[in-house]
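Contents: one structure, followed by commentary.
The values are calculated or read from the model by the stated rules, or taken from the named source; none is laboratory data. Model, not experiment: these values are computed from the prediction. Here the Cβ positions follow ideal geometry from the backbone for every residue, glycine too, while neighbour counts run over all protein chains shown.
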Amino acid sequence: MPDLNGTNGTNGHYEANGFASRGRLAGKNAIITGAAGGIGLETTILFLREGASVMMCDISEPALAKAVIKAKDLSPHMTGKIATAKCDVAKESDVQAVVEQLDAWGGVDVMFNNAGIMHGDDADAIDTPEKIWDLTQAINVKGVWYGSKHAILSLRRHHKTVGSIINTASVVALVGSATPQLAYTASKGAVMAMTRELAIVHAREGYRFNALCPAPLNTALLQDWLGDDAEKRHRREIHFPTGRFGEAIELAQAVLFLASDESSFVNGTDFVVDGGMTRAYVTPE
Ligand code: NAD
């Protein structure tokens, strides 16, 4: 396994292992929603290290307070600004307020609509409660719509001709999940479809939209749930040609590429980061 070197990885020493800033996002202003979570925090750190100014948004203020300390600690040579804002992406007024805060920085260049939930009561067609369905769509789908809408308005307000919006979907939008989570799966399908259309509609303005499709990751949540149950773990790992789960830092690296001008001709993609999982024909050993 490579030295992934994220905050969940081996040691967090980005610098020592060649992660020093090359300024791939120098001068860009980015908003990251769900910034206190696994993928959001790793992306924040990478963005800071690559010269961006980052507005970290999350619904949880205590989690944000911890995350911003970690982000600063792991980005000692950052050249951009960093700020935090409590924001419920399901509320348009919250999203609008955060985006408008960036007017003082010169407007948004990169919007990472990453906040999302997979509720514990999400189940199959019969057992998913309607309120869980509605909550999931409100955060995972409307949240991405609001983030995209206000990013576009900001880009236009500041007369920008280049912008990158990255919306987090999931591999479950490409393949069904054997463990039912119908509201979540439907929401991520909506994110993918919405992102594709936004990409086409705004292409001539220079605004790119890409959907990120992560496979299940090696997050604390998942690992705690799997515990030391080797059989349960193996049942999942077998789906990965690599034989392992992904790490949040591996998603963050993909987001960095999509955010930067290096991906200037990448638009409307379902950007799959899954170690080949959705390409695998799995047979039990
Ligand atoms: P996470 O739970 O670690 O982080 C999500 C963050 O979003 C949390 O900090 C949470 O407080 C925040 N959040 C929740 N509701 C919010 C709201 N209404 N407004 C603003 N913030 C809110 O999860 P993660 O693994 O970092 O996932 C990030 C994204 O990636 C999600 O959209 C998730 O669906 C998607 N994803 C994750 C995996 C995985 O295995 N971790 C796989 C595929 C897709």
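Structure above, values below:
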| item | result |
| --- | --- |
| Those residues of the range 184-220 which are without any contact (Cβ under 8 Å) to a residue 12 or more places away in the chain and within 16 Å of the ligand (Cβ to nearest atom), in sequence order | A193 |
| Matching residues in the range 262-285 - criterion: being in a helix (DSSP H, G or I) and crowded, with 20+ Cβ neighbours inside 10 Å | M277 |
| Candidate set from the range 148-164 (those that are β-branched (V, I, T) and within 21 Å of the chain's Cα centre (by Cα)); member that is nearest to L256 (Cα to Cα) | V162 |
| Flag for V89 being within 20 Å of K160 (Cβ to Cβ), crowded, with 18+ Cβ neighbours inside 10 Å and within 16 Å of the ligand (Cβ to nearest atom) | no |
| Hits in the range 165-183 (condition: over 17 Å from the mean Cα position of the chain (by Cα) and either under 12 Å from V108 (Cβ atoms) or in a helix (DSSP H, G or I) (or both)) | L182, A183 |
| Which numbered condition V282 misses (of (1) more than 26 Å from T136 (Cα to Cα); (2) within 12 Å of the ligand (Cβ to nearest atom); (3) of a type in the set (V, I, T)) | (2) |
| Residue under evaluation T179, criteria (1) at pLDDT below 95; (2) among the polar types (S, T, N, Q); (3) within 11 Å of the ligand (Cβ to nearest atom), criterion not met | (3) |
| Candidates T179, T161 - the one that is surrounded by fewer than 19 Cβ atoms within 10 Å (Cβ to Cβ) and farther than 30 Å from F240 by Cβ | T161 |
| Listing of helices (runs of 4 or more DSSP H) fully contained in the range 206-261 that carry 3 or more residues being among the small types (G, A, S), touching a strand residue (DSSP E or B) at 6+ places or on another chain (Cβ under 8 Å) and closer than 20 Å to I45 by Cα | 248-259 |
| Output for the range 28-61, where each listed residue is of a type in the set (S, T, N, Q) and more than 12 Å from the chain's Cα centre (by Cα) | N29, S53, S60 |
| Residue match in the range 87-102 (condition: over 14 Å from C57 (Cβ atoms) and charged (D, E, K, R)) | no |
| Any chance F245 is within 14 Å of the ligand (Cβ to nearest atom), of a type in the set (A, V, I, L, M, F, W, C), more than 21 Å from G189 (Cα to Cα) and modelled with pLDDT of 90 or more | yes |
| Residues of the range 107-119 satisfying the condition of being more than 12 Å from the ligand (Cβ to nearest atom) and either free of Cβ contacts under 8 Å to residues at least 12 places away in the same chain or of a type in the set (G, A, S) (or both) | G107 |
